[in-house]
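The values are calculated or read from the model by the stated rules, or taken from the named source; none is laboratory data. Please read these numbers as outputs of a predicted model, since none were measured by experiment. When we count neighbours, we look across all protein chains shown, and the Cβ atoms used for this are built from the backbone with ideal geometry, even at glycine. Each accessible area value is taken on the protein alone, full model and side chains, heavy atoms only, with ligands, DNA and RNA left out. Shrake-Rupley method; radii C 1.70, N 1.55, O 1.52, S 1.80 Å.
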Amino acid sequence: MIDQVAIRRSLGFDLVPVEDWLELEREEKRRLLLEDRVEFLADGESVPVREALEELRTSPVAA
């Protein structure tokens with residue numbers, strides 16, 4: 001289960017909860033994904049982006 005999202009910034013990563021990621025505007029999420037600046041984590045382990053997005057899309061948190 002995805003529990004954190006790491007967003008690469010100029011000086012490292014910002015770790016944000018899934019709820020914060022879901023609240024970002026669609027265009028902001030799209031830009032971050034296209035720029036390869038996002039990593040999804042489950043218990044500290046990286047999850048492939050496509051798999052993570054599918055999980056988040058069907059997650060009750062996303063509703």
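Tabulated data for the structure shown
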item: Computed lengthening from residue 24 to residue 42, 0.36 nm per intervening residue step minus Cα-Cα distance; result: 4.5 nm
item: Cα-centre dipole for region 4-58 with unit charges at Cβ (Lys and Arg positive, Asp and Glu negative), debye to 20; result: 260
item: Shape call, region 4-58: gyration tensor on alpha carbons, a/c limit 1.5; result: rounded
item: Region 38-54 - phi-based ³J(HN,Hα) in whole Hz, Karplus 6.51/-1.76/1.60, Gly and Pro as x; result: 10, 10, 9, 10, 10, 6, x, 9, 5, 10, x, 4, 4, 5, 5, 5, 5
item: Rounded to whole Hz, the Karplus (6.51, -1.76, 1.60) HN-Hα couplings of region 20-25, x for glycine and proline; result: 5, 4, 5, 7, 5, 5
item: With every protein chain in place, region 4-58: carbon and sulfur % of accessible area (1.4 Å); result: 47
item: Distance from region 1-15 to region 37-51 (C-alpha centre basis), Å; result: 9
